[in-house]
Structures are given as C-alpha cells and as structure tokens.
Amino acid sequence: MKIPVSEPDLDESELNNVIQAIKSTWISSRGEFIEKFEKDFAQYCGVKCGISAANGTAALHLALLALGIGNDDEVIVPTLTYIATANVVKYCGAKPVFVDSTSDYWCMNPEKIAEKITEKTKAIIPVHIYGHPCDMDAIRDIASDYELVVIEDAAEAHGAEYHGKKVGSLSDIACFSFFGNKVITTGEGGMCITDNEEFAERIKLLRNQGMNPIKKYWHTAIGYNYRMTNIQAAIGSAQLLKINKFLQKKREIARAYSIGLKDLEEKGLIKLHPEMPWAKCIYWMYSILLTEKCSASRDELMVKLQENGIETRPFFYPVHTMKPFLSNEKFEIAEKLASSGINLPSSTKLKSEDAIYVIETLRDLIRPK
Ligand SMILES: *Cc1c(COP(=O)(O)O)cnc(C)c1O
C-alpha cells in the first residue's frame with residue numbers, strides 16, 4: 001500500500017482529446033486545442049490573453065524577457081520557493097535578490113521587500129506557495145512606488161483567490177505550470193497570462209524563435225523554442241473542464257486534515273496549513289509544520305510515515321542555501337519553515353478512508369517530548 005503526495009487525475013476525457021489530436025495529425029505546436037486551451041484558461045483566470053509554453057519554467061523565462069529583464073538587473077524573489085523562480089532570473093543574466101517569508105501564511109513578506117530595492121531592481125516575483133496567495137495589494141503598492149513590474153509565479157495556485165480575485169489577474173504577467181503534480185496537468189506544460197496585448201505579442205514572438213508572425217522565417221529577436229504541443233493542450237483542455245471539481249476536492253481534503261489534526265495544533269505540537277481571512281487557499285499540497293514540542297524530528301516523522309505507506313515531501317530548501325545561489329544572509333522564517341514543513345498526501349484521487357488513515361497515523365506518531 002502506498003498513498004502518494006499527488007498523482008495526475010485523468011479519465012476518458014483526456015484520452016478522447018488526445019485521440020482526436022492524433023487523428024488530426026496535428027501533434028506538434030499547431031492544432032485546434034492550443035488556442036482553445038489558452039483562451040479558456042485565461043478566461044478562467046479573468047484575464048484577456050493566454051500564451052502557452054513548454055513548461056512553467058519556460059513561461060516564467062518568457063515573462064521576464066517580455067518585460068525586458070536582462071543583464072545586471074535585480075529581481076526580488078522569495079527564498080522559500082521552487083528553484084525555477086530563481087533560475088529564470090539567472091537565465092536572463094539578472095540577479096535574484098531573496099526575501100524572507102511570513103510565518104503567518106508562508107509567502108514572501110511584503111514588509112521585507114523595500115529594504116532589498118536598489119537602483120538595479122526591476123521586478124518582483126511573488127510566489128503563491130503551496131496554494132496560498134501572496135498579499136498582492138502590499139506587493140503592488142511597493143512595485144508602483146518604485147516603478148517595478150510584478151510577475152506572479154502562480155504555478156502552485158490555479159484558482160486561488162486574493163480578496164475574491166483569482167491569482168494570475170493581479171500582476172503584469174502571471175505564470176502557471178501544468179506539470180504532472182500541479183492542480184491541472186498537461187504532462188509538462190505552462191502558460192503566461194496577461195491583460196497587456198503588447199506583452200502577449202512579445203511572449204509569442206520569443207516563444208517561437210523570435211520569428212515575425214506574418215513574415216515566416218524572418219527573425220527579429222533571439223527567441224526560444226518554448227512552444228506547447230497540441231497533445232499537451234488536448235490534455236489541458238479536458239483537465240480545465242474539471243478544475244472546479246479538483247479544487248473542491250482539495251478543499252475537502254484540507255478540511256479533513258484541519259479538523260482531524262486540530263487538537264495537535266491546540267497542544268502546540270504542529271501548525272496547520274494557514275488560510276488568511278483575505279485569501280482563498282487552494283491547498284495545492286496540504287502542509288503542516290512540526291514544532292519543537294514534538295518528540296520526533298521532521299525527517300524522522302517522514303521516515304515513519306513512509307514505513308506506514310504514506311508518502312510525504314519536505315518543504316523546499318530555501319534557495320539561498322543551495323550552491324548556485326549560496327549566501328550567508330539569514331532568512332529566519334523561511335529557514336524555519338523549510339526545516340519543519342511537510343507536504344501531506346493531497347491528490348484529488350485520495351480516498352476518504354486513506355485521508356482518515358493518514359490522520360490516524362499522524363496522531364499516533366506526533367507526540368510531545
Ligand atoms: C512547478 C513550479 C514551477 C515550474 O514549473 P515546471 O512546469 O516544472 O517548469 C515554477 N515555480 C513554482 C513555484 C513551481 O511550483
């Protein structure tokens with residue numbers, strides 16, 4: 001027996017779309033599903049333009065390039081994120097400048113941004129970590145004070161809301177991933193969304209080797225092959241029809257964990273996945289933090305869970321602690337979160353009896369010192 005952290009939730013509808021794509025012979029980056037998926041996903045987020053990409057990292061890279069981020073620029077990113085957020089800044093020749101998290105909701109702390117801004121700062125990339133939105137008003141206020149652009153990394157937060165507005169609609173360009181463990185998947189895949197048609201055109205140009213869209217094989221910029229295939233979009237179109245069902249399921253799982261583990265939090269042994277009053281968290285991966293009052297360490301607990309057939313994941317290592325981005329600076333909250341956080345099984349295919357089993361196993365293993 002094995003209960004996974006996540007798994008793709010696929011049925012006949014993806015299969016039928018893929019068959020249709022293959023029968024059409026349009027299996028590369030042209031075909032009926034691509035524009036449909038782009039249009040439908042942008043519309044779902046309440047934004048005008050969607051530009052699909054080969055993966056979420058490519059989408060982020062394209063967004064930075066389209067906004068003119070280049071050599072010697074500085075870009076503000078949280079240190080507690082998936083590595084791609086920092087890597088794409090480097091791809092542009094720019095420097096990621098790290099910011100600590102909030103202990104309340106684990107995202108970039110807006111109060112720590114201003115002190116990091118220099119003459120070279122051009123952009124901020126808030127990351128809606130584990131499905132919880134960032135405080136976008138606070139971030140946008142700073143951005144407008146210092147004339148910076150904002151790129152949301154919404155790879156973990158499809159459908160999450162900030163003051164009732166969907167993430168992805170709260171910045172200059174927002175980027176999503178459709179990797180196999182994301183809220184909806186295309187296998188590998190990603191998308192930029194924006195209300196700005198000029199940015200959209202620029203992204204399309206860079207995605208397609210910088211080729212003039214009218215005069216074929218006339219290249220006006222150094223671009224990339226970052227295109228999504230029609231097969232990926234075929235899968236995505238089927239997935240998108242089920243996104244509300246997936247999100248509902250994720251919230252049900254979150255509710256079960258929050259109720260089932262509540263008294264462990266009351267005893268000070270753990271902290272539950274937060275949801276701020278202004279936020280709708282989608283609990284991409286429902287997570288808990290272990291406190292010092294707990295007898296087992298985070299890593300010991302994960303081993304024991306594994307022995308009981310329960311897969312979990314540790315939080316991301318803070319980016320500034322890893323070789324390519326190594327820094328002596330302390331980011332107290334992010335480091336604390338990273339060393340104490342665990343992602344629990346959060347698949348939309350998680351059976352309710354399995355959720356109960358995970359809760360009971362956690363209750364059994366998490367004890368006071
Ligand atoms: C998954 C993810 C990405 C990158 O997406 P890929 O599709 O794997 O390239 C970027 N940022 C965050 C926060 C992610 O979780």
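Computed from the coordinates by the stated procedures, all read-outs in this text should not be read as laboratory data. As the structure is a computational prediction, the values presented were derived from the model and not from experiment. Quick reminder, even Gly has a Cβ in these numbers, built from the backbone with ideal geometry, and neighbours come from all protein chains shown.
Report the Cα centroid-to-centroid distance between segment 192-246 and segment 314-369 in angstrom, as an integer.
Spelled out, the Cα-based centre of one part sits 34 Å from the other.
What is the order of CYS175, CYS107, fewest Cβ neighbours within 10 Å to most? Don't skip to the answer; put the middle values down first.
Numbers: CYS175 31, CYS107 27.
Ordered from fewest to most neighbouring Cβ atoms within 10 Å, CYS175, CYS107 come out as CYS107, CYS175.
If you consider only alpha-carbon coordinates, what radius of gyration and Dmax does segment 150-244 have, in Å?
Cα radius of gyration and Dmax of segment 150-244 are 14.7, 45 Å respectively.
If you fit an axis through the alpha-carbon atoms of helix 243-260 and take the longest principal axis of the Cα set of the chain, what angle between them do you get, 0 to 90°, nearest 10?
The angle comes out near 20 degrees.
For segment 130-147 and segment 89-113, what is the centre-to-centre distance using only Cα atoms, to the nearest Å?
Each part reduced to its Cα centre gives a spacing of 11 Å.
How do PHE41, PHE98 rank when sorted from fewest to most other Cβ atoms within 10 Å of their own Cβ?
Numbers: PHE41 25, PHE98 22.
Ranking PHE41, PHE98 by Cβ neighbours within 10 Å, fewest first, gives PHE98, PHE41.
I'd like the isolated cysteines in the chain, meaning no second cysteine's beta-carbon lies under 4.7 angstrom from theirs.
That list is CYS45, CYS49, CYS92, CYS175, CYS192, CYS281, CYS294.
If you take all C-alpha pairs in segment 70-224, what percent of them are over 23 Å apart? Provide the component values of the computation, followed by the final result.
Details: 4560 of 11935 pairs.
Roughly 38 percent, rounded to a whole number.
Could you tell me how many cubic angstrom of Cα convex hull volume the chain has per residue?
Values: hull volume 50.2 nm³, N = 369.
Per residue, the Cα convex hull of the chain comes to 136 Å³.
Dipole magnitude of the chain about its Cα centre, charges +1 at Lys/Arg Cβ and -1 at Asp/Glu Cβ only, in debye to the nearest 20? Display every interim value, and only then the final one.
On the way: 44 positive and 49 negative charges, 161 e Å.
Result for the chain is approximately 780 debye, rounded to the nearest 20.
Kindly express, to the nearest 10 degrees and within the range 0 to 90, the angle between helix 197-207's C-alpha long axis and the longest C-alpha principal axis of the chain.
That works out to roughly 90 degrees.
Any chance you could give the angle, 0 to 90 degrees and rounded to 10, that helix 230-240 forms with the longest Cα principal axis of the chain?
Approximately 50 degrees, to the nearest ten.
Among 212-219, 179-186, how do they line up from the highest to the lowest mean number of other beta-carbon atoms within 10 Å? Mind showing how you got there, number by number?
Values: 212-219: 9.5, 179-186: 22.1.
Listed from highest to lowest mean packing, they are 179-186, 212-219.
Cross-link partners among aspartates and glutamates for LYS336, C-alpha distance below 13 Å, same-chain residues fewer than 8 apart left out?
Leaving aside aspartates and glutamates fewer than 8 places away in the same chain, those within reach of LYS336 are ASP100, ASP104, GLU292.
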